[in-house]
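These notes concern the structure reproduced below.
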Amino acid sequence: MSIDSPKRDIPLEEIGATVERVVQETPVVDMHTHLYGEEFGSIGLWGLDQLINYHYLIAEVFRFSPISYREFWAMDTAAQAETIWKSLFEQNSPLSEATRGILTVLQQLGLDPSRRDLKAFRAYFAQQNRSDYTDQVFKLAKVKSVVMTNDPFDPAERAVWMKAPEIDPRFKPVLRIDPLLLKWEETQPQLASCGYAVERGLEGRTLAEVRRFLEDWIKRMRPVYLAASLPPDFNFPEPTLRARLVADCVLPVCREHGLPFSMMIGVRKQVNPELRLAGDSLGMADMSAVERLCGGFPQNRFLVSMLARENQHALCVAARKFKNLMPFGCWWFMNNPSIIEEITRERFELLGTSFIPQHSDARVLDQLLYKWPHSRTIISRVLAEKYSDLVQTGWQLTEAEVCRDVQRLFEGNFADWIASAH
């Protein structure tokens, strides 16, 4: 047998290098993003100015710059990016994960971050076209496909879907239903204007009509799952319209169509409205609501990500109790190296490889070029540590087994979870 055979036992001293290589080389399916294919036009964000104007950096710039909210929002996109660059990259060291991410993107594209020359970087991006650049980003990030966030209540996006476009197969649809569950007073008139016989108090045919609406959009989009971002006070059961819509509309439709329901729990919207998209915060949620859903609806499959660090241990424990619960990713404020490392280690220790370690949550295409390299480094470090612990017990580990495990983490677990979707 060749010394390079993947079936050979890996010596303890080679585990770190072997795991790092496998993790870096294995393609990933990014199972939750806010990215869009070219068919969606300007909804799909890409390029340097959009990257710098990401809401993480917008929130950060006000910690360093004396600029007022009013002054910042009065600027065009280019001027906003210049303000952020000057404050966070020229006048201060870019130590935060969001600012470091910009530099990683430049590095991944073969540019020299040490030049600190925004004009030169912009010149490079100005030469790119969306189609070729998308191919380049996917290749560099080793991303096979991304899962979008598709909101039928958004007029611009709805207009695209009504034209029945041919979607780039690398961009997988998801039916996002936040307005349905969280803004019923606004959503009900929209549904009524589209021909659905719905009433404010869910009377009459309303629940059946909501199910018809969901089924119509499932047929139109062919999503891989349904999804909602929920506040920390989300509970179930509870005497609310939200709970009735989940129990009597969302979950039955998901069961009928073989679709998981993804719940991202813990966001507190607009604690500072002057920051706009950057103004949301987080709160600790009650994990027992998830347990009651998993226990009460065993034929449904749930994807769950929690926004508060304090909820992560309970999520792992709940996943040990309910086989229809799949924890995924380190979402939003959790997507920082120190927390990713802690949560990934905790999940391996409690769940083995039966979870989805990460998703990018990317809102700008270019972010794939930093979010995945940064996460891969952490995942490989933690996984190598766990394999080393294993080998020190006398267990023998092969490269083929490492490849199997990493493929499961980066694609297989998600693919299995959505397998009956179509």
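The table that follows gives values for the structure above.
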{"quantity": "Size-normalised alpha-carbon gyration radius of the stretch 272-382, reference 2.2 N^0.38 Å", "calculated": "1.13"}
{"quantity": "Under DSSP loop assignment and at most 14 Cβ neighbours within 10 Å, longest chymotrypsin sites (Phe, Trp or Tyr not before Pro)-free interval of the chain", "calculated": "65-394"}
{"quantity": "Interchain or long-range residues, amide H under 5 Å from Lys172's placed H", "calculated": "Val146, Val147, Met148"}
{"quantity": "Within the stretch 26-50: backbone nitrogen closer than 19 Å to the Ala120 label point (7 Å, Cα to C-beta)", "calculated": "48-49"}
{"quantity": "Label point at Asp112 placed 7 Å out along Cα→Cβ; residues across the stretch 71-90 whose backbone nitrogen lies under 19 Å", "calculated": "90"}
{"quantity": "Distance between modelled label sites at Asp9 and Glu215, nm, 7 Å Cα→Cβ extension", "calculated": "5.9 nm"}
{"quantity": "Percentage, to the nearest whole number, of Cα pairs in the chain over 36 Å apart", "calculated": "29 percent"}
{"quantity": "Sparse-neighbourhood loop sites, trypsin sites (Lys or Arg not before Pro) in the stretch 159-222 - DSSP loop, at most 14 other Cβ within 10 angstrom", "calculated": "Lys163, Lys183, Arg200, Arg205"}
{"quantity": "Longest exposed-site-free window of the chain, the sites being GluC sites (Glu not before Pro) in a DSSP loop that have at most 16 other C-beta atoms within 10 Å", "calculated": "204-422"}
{"quantity": "Separation in nanometres of the label points that stand 7 Å from Cα toward Cβ, at Gln128 and Ser96", "calculated": "2.2 nm"}
{"quantity": "Alpha-carbon Rg/Rh ratio, for the stretch 48-127, with Rh computed the Kirkwood way", "calculated": "0.94"}
{"quantity": "Partners for Lys139 among lysines (Cα-Cα distance below 16 Å; same-chain residues under 8 apart left out)", "calculated": "Lys371"}
{"quantity": "Residues Ser281 and Ala419, FRET efficiency given R0 of 41 Å [Cβ-Cβ distance, rounded to 0.05]", "calculated": "0.70"}
{"quantity": "Residues Gln24 and Ala74, FRET efficiency given R0 of 45 Å [Cβ-Cβ distance, rounded to 0.05]", "calculated": "0.55"}
{"quantity": "Unit Cα scatterers, Debye sum, the stretch 72-118: log10 I(q)/I(0) for q = 0.30 Å⁻¹", "calculated": "-1.16"}
{"quantity": "Relative contact order computed over the chain (Cα-Cα under 8 Å; 6+ residues apart), in percent", "calculated": "24 percent"}
{"quantity": "FRET efficiency, 1/(1 + (r/R0)^6) with R0 25 Å, evaluated for Lys183 and Ala208 via beta carbons", "calculated": "0.75"}
{"quantity": "Helical segments meeting 18 Å axial Cα length and Kyte-Doolittle -1.0 threshold in the chain (DSSP H)", "calculated": "206-221, 337-351, 368-391"}
{"quantity": "Estimated inter-spin distance, Lys269 and Thr240, nm [label 7 Å along Cα→Cβ]", "calculated": "1.1 nm"}
{"quantity": "Cα-based Kirkwood hydrodynamic radius, the stretch 1-144, one decimal, Å", "calculated": "18.0 Å"}
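A short reminder: the numbers here are calculations on the coordinates, not readings from a lab. Here the structure is a predicted model, which means the values were calculated and not measured. Every residue, glycine among them, receives a Cβ derived from its backbone with ideal geometry; neighbour counts consider all protein chains shown.
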